[in-house]
Structure formats: C-alpha cells, structure tokens
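See below for the structure under consideration.
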Amino acid sequence: MNLFDSSFLPPPQPPVLLIGSETLLQSWLNQLEDHLGKIAVSYNSASFNLYIGRPGPDLSQFDAAFSNILLEPANQQVINFWRERATDPLLRRRLELFRRNFLGAEVSKAPQISETRNQINDRLIKFQPQVSGKKINRSEITEILRNHPDPATRRKVYEQALSPLSARLSAEVAELLRLRNVEARRLGYATFADLQLALLGLNRAGLFELFGHLEELTAPAYQAFLENSRQAFKLDRVEPWDLQWLADRKASLPEPAFTRSKIPGLIRDLLGKFGLDLATLPVELVTKDIPFGGLCFTIKVPDDIRIVSNPRDGYPSFRTLVHEYGHAIHAAFNRQSYFTLKRENGIFNEGMAETLAFFTHYPAWLESVTGLDTKQVARYRAENNARRIVRLRSLMAQAHFEIEAYDNPTENLDRLLAQYEARYLGLPVNLTPRWAASSFPTTHPVYRQNYILADLMAAQTHAALYRQFGSFFDLESNERAKVFDFLRENYFAPGNSLEWTDKITRATGQPLSVNFLTGELGL
C-alpha cells in the first residue's frame, strides 16, 4: 500500500456542528478508525521488516500519518464534544479510548520525539556487541550470563558487551526522556512517566506501594537465596554478573528436553491441548538474532500475526516463545471490529501472554515433557520460586528506576539504576553503563511494571481456572477445550470493549490481587 494514495488520506475534519447525531458520529468515527487501522498495518509491517533486516520505509512517515489524525484539533474537538453526550455504551467506550489515544499521541507522535525514537531504535537493532575484540550476538550474551561457569568470563561479558552502546546512546535517550516530559507537562502531568501510568490505569503512589509490598514479602526468601548461593559457590559476595547464573544453578530443567530443535514441537503439542491447530492459526514464526528472546508483531488483528524469535536450548528460551504465542493467540481470537477495540492495554497484553506461559508450570506437564518423577518436579518447582523472585525483584528495580529517571533525566542515570539494583537485588553498586542499551526506555517506555502485573493476573486467572475446571492436564480433551473457551470469551474476544480491570474481576470474581502470586510462590 502506498501511504500517500488519496484513498489513504484521513477523512475531512468536520466542524462539530456538522455531526449532529450519534448516527453521523458513528459513521465518521468508523471512517477515522478504518484509516488508523490501515496506517497501523503499514507501520507494523515496516517495524517487522526492520527487526528481521529487510529494507523498508522510514517509520517516521507512519508516525506523521498517525499525527495527521490523532493530533488534528478538529478531530479532538468532535471526540471531546461527544464523549459525555453519546448514549450508546459501545460508542462511549470508543470515544473514551480515542481520548486516551489523543493524550498518548501528543507525546509519542510529536515529530521530534518519534524521529528521535526511531533513530535510536535503528542503532539499537544494528549494534554488534564485542567482548575482548570478538563479536558476539545478543543471545550469546544471555547464554554466557546464564550458563558460563567462569565468573571472570561472565564479568567480562557484563562489563564489555553492551556498555559502549549505552555510553554512546545515553545522552540521546536522556534527551528523549526530556522531550517526552515537555509534552506531558503541557498536558498537565508532572512527568511523562505519570502520564504513561495514567493511560495504563495506574498511578505512581499505588504502583510503588505494590512494589513495597512485594519487596517485603519476597525479602526473606530472596536473602536466603543470596546467602545460600554465596556459601554454596564460595563467593565473597554476589556480583551482578553472578545473579542469573546462580538462579539457573538453583533450578533448572534437563536441557535435552528443550533443545532448540524440539521447541516448535513442544509449542505445537501444548497448543493442541487446548484444541488448537498451530498450522491453522494466522501466526508466522521467524528466527532472527534480535535484542529480545522473542517479539510478537500483531500486524493486523486478528488475521496477520508474526513472531520473531531468537531461540536457544533450554526451558527459559522455550518459555519465552510460549509467552510470545500467548500474545499471538490473544490477538488471533479478538473479535472486535474497530481499531480502538482491537488494541489493548499493555498490562493486559502481557497478562494474556503470561497466562499461556503459566501452563508450563504445571507438574503434570513438566513430568510428561522432562521425564522427571513427581518428587524431582516438586523439588524443581520449589527451587524455581527463587528464580521467579529474582525476576520479580529485577523488574521492580528496572521499573522503579525508569519511572524516577523521568524526574531528572539529566542526572547520572547509570548510578540511579545501580542504586535501585542494589536496593532490590542486594547487589554492590555497579556503575557499568547499561541503562540506555536496553530498548525499553526508547521503544517501550514505562513498560516493565506490566510484566509484574501480568504475573499477578496469570496467577489469579489460573486459580480461577482450577476452581472451575480442576487441574488442566488431568482433564479430558473436551474439558480442556472449555478452559480455552473460558479464556476466549472472558479475555480474548471482548478486546478493549471492556476495561482490563473489569475483565479480570468478571472472570476471576475479584479485583486483581497480589495474594494468588505470593501464595503460589509459597510466601
């Protein structure tokens, strides 16, 4: 599709008085959403091609096309006029989502911000890490930090692989944070982080209260993990490059069960338990060295979904891919017609991905795949809780850091990150440049708390599934299909026609709570 075809231009912006009825409003709104959907498909396709190394158009032109619609004052005037006047509930929902889209676009689609973001992202994708002059890829970095027994080698990778990129980009990413703040303050928010949290249905005080609660509940188990690991491996102290290695030594599954060649078959078999045939799903899988273990591109919901994967041997790599298929299935079974209702809150998106991944925690599944007996699986699950707590506390450190980085982007952000890692992870303050080498502050700002909330959502959902259906892998095939029906009807099909918090309450019988996750972790 040529972005500049006349058929691709937005509909005329009518004066408010020319839209005198809900019927006219709905007709105009349908046109607006259709144009946004077309631009989104082009943008998503171009982003996908960028990540897999194919040539494609500059993403800035799509940001400009979005801006022509979302930043147009006449469009905002119509939406704001009708938002409190429309009587049809679904129409009111669409108008409210447009209001949020307008707020988000004021920042994300501002030309200087989108151009800066795209330029930084291009450099993030193309960067080639090196250690002692030898080129390595992103997945090798993860693999070494997870599995290499020599602490000197792990330290070298930790300190050398991405620090040049972070040092090179830190001023540019800090400027991106500053630019976002300027726009957010113009809209009445203290910082961009506060705006972003508000658009997710969160606020800083409530989120930090949740972090404090989780920090307190996980502290005894985490401190025991650190001290036991230090003694077991005769370390003077646990350093940042030791943490993932120690977590993987604490709990691991037999790697022969999760070799790279077996992972596609395991995915196919797991989805088959729900009555799904992977071959018939509108999902394409592409293998590529990317800065993530996996990434799901919902090119066009629900018809065109693509996963870029960077697989390695081992359960963590397999679980990452299950998570990405969770995103894909969520999108493939969305049954909404309008662009705004097809796009869901980032928290809920991650919650749906984790809901699928949580099925790989079940003892019956682990026994069948690994060949371990019941006692061995029980021991693994108990030990794996330590690794999950490491992940939760690491995410809290990263999320807390990024939110507060917006308070003063000109301060030493390497030190700020190191201080939060020292707090949440009990590690020595380490000033190795690394914060700007992560793609999150650039492409997915103020996002990492979503993974914590996703864990809460998945644990609560699985508790509800158990109450209603029993243990999934002990069910007959027709009963397992009912589990999928439950997820589809309560979570996938409604799309964004309901608030994500309302969907959780409706499906599980209560608002989102930490109790199910902490209970599952034995806390």
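Treating the range 101-200 as a set of equal point scatterers at the Cα positions, no solvent, please give the Debye-formula log₁₀ I(q)/I(0) at q = 0.12, 0.13, 0.22, 0.25 Å⁻¹. The Debye formula, applied to the Cα set alone, gives -0.56, -0.63, -1.01, -1.20. Residue exposure proxy: Asp194, Asp248, ordered by other Cβ atoms within 10 angstrom of their Cβ from fewest to most, comes out as Asp248, Asp194. Fully extending the segment from Val286 to Leu475, taken as 0.36 nm per residue of separation minus the present Cα-Cα distance, adds 64.8 nm.
Here the spin labels are modelled as points 7 Å beyond Cα on the Cα-Cβ line, and at Ser132 and Asp58 they lie 4.3 nm apart. Taking the C-alpha atoms only, the angle from helix 151-160 to the longest principal axis of the chain is near 20 degrees. Per residue, the average separation of C-alpha pairs within less than 8 Å and at least 6 apart gives the chain a relative contact order of 17 percent.
Can you give the net charge of the other residues whose Cβ lies under 15 Å from the Cβ of Glu476, counting K and R as +1 and D and E as -1? It works out to a net charge of 0. In this rough spin-label picture, where each label sits 7 Å from Cα along the Cβ direction, the Glu22-Asp485 distance is 3.2 nm. Taking amide H as placed 1.01 Å from N in the peptide plane, the amide H of Leu285 sits under 5 Å from that of Ile307, each at least 5 places away or on another chain. May I ask for the Kirkwood hydrodynamic radius of the range 381-523, worked out over all distinct Cα pairs and given in angstroms to one decimal? Evaluated on the range 381-523, it is 17.6 Å.
What does the extension gain come out to for Arg423 and Ala364, with contour length at 0.36 nm per residue minus their alpha carbon separation?
Numbers: separation 59, 0.36 × 59 = 21.24 nm, distance 3.69 nm.
Gain in length upon complete extension: 17.5 nm.
Applying the Karplus relation 6.51 cos²θ - 1.76 cosθ + 1.60 with θ = phi - 60° to the range 117-131 yields 3J(HN,Hα) values of 4, 5, 5, 5, 4, 4, 6, 4, 5, 8, 5, 10, x, 9, 10 Hz, where x marks Gly and Pro. Distance from a point 7 Å along Cα→Cβ of Asp88 to each backbone N in the range 491-514: keep the residues under 19 Å and list them by number. Only 494-499 fall inside the zone, counting backbone N under 19 Å. Relative contact order for the range 6-109: 29 percent, from Cα pairs under 8 Å spaced at least 6 residues apart, divided by residue count.
Where in the chain lies the longest segment free of GluC sites (Glu not before Pro) that are both loop residues by DSSP (not H, G, I, E, B) and have at most 16 other Cβ atoms within 10 Å? Of all site-free stretches, the longest is 85-410.
Of the residues Thr461, Thr432, the one with the fewest other Cβ atoms within 10 Å heads the list, and the complete ranking is Thr432, Thr461. Taking the inverse of the mean reciprocal distance over all distinct Cα pairs, the Kirkwood hydrodynamic radius of the chain comes to 24.4 Å. Each of Thr340, Gly495, Val173 was placed along the dipole of the chain (beta-carbon charges, centred on the mean Cα), and the one lying farthest toward the positive end is Val173.
Size check on the range 6-109: the Cα extents along the three principal axes, sorted descending, read 48, 26, 21 Å. For the range 42-52, 3J(HN,Hα) computed residue by residue from phi via the Karplus equation (6.51, -1.76, 1.60; θ = phi - 60°) reads 5, 5, 5, 5, 5, 5, 4, 4, 4, 5, 9 Hz, glycine and proline entered as x.
Using a simple spin-label model with pseudo-atoms 7 Å out from Cα toward Cβ, Gln468 and Ala224 lie 3.4 nm apart. The amide H of Gly294, built 1.01 Å from its N in the peptide plane, has Asn310 as neighbours under 5 Å, considering only residues 5 or more places off or on other chains.
What does the helix-only formula give at 222 nm for the chain: each DSSP H stretch with n ≥ 4 adding -39500 (n - 2.57), the total divided by the residues, and the result rounded to the nearest 500 deg cm²/dmol? All intermediate terms of the calculation are to be shown ahead of the outcome.
Working: 23 runs with 329 residues, N = 523.
Rounded to the nearest 500, it is -20500 deg cm²/dmol.
Between the helical axis of 263-272 and the longest alpha-carbon principal axis of the chain there is an angle of about 60 degrees. Shown for Val429, Val483, Val107: other C-beta atoms within 10 Å of each C-beta, ranked fewest to most, produce the order Val429, Val483, Val107. Taking the longest Cα principal axis of the chain as reference, the axis of helix 449-469 is set at about 80 degrees.
Values in this text are rule-based calculations from the coordinates and carry no lab data. Every value quoted in this text rests on a predicted model; they were computed, and no experiment measured them. No Cβ is skipped: glycine too gets one built from the backbone with ideal geometry, and neighbour counts run over all protein chains shown.
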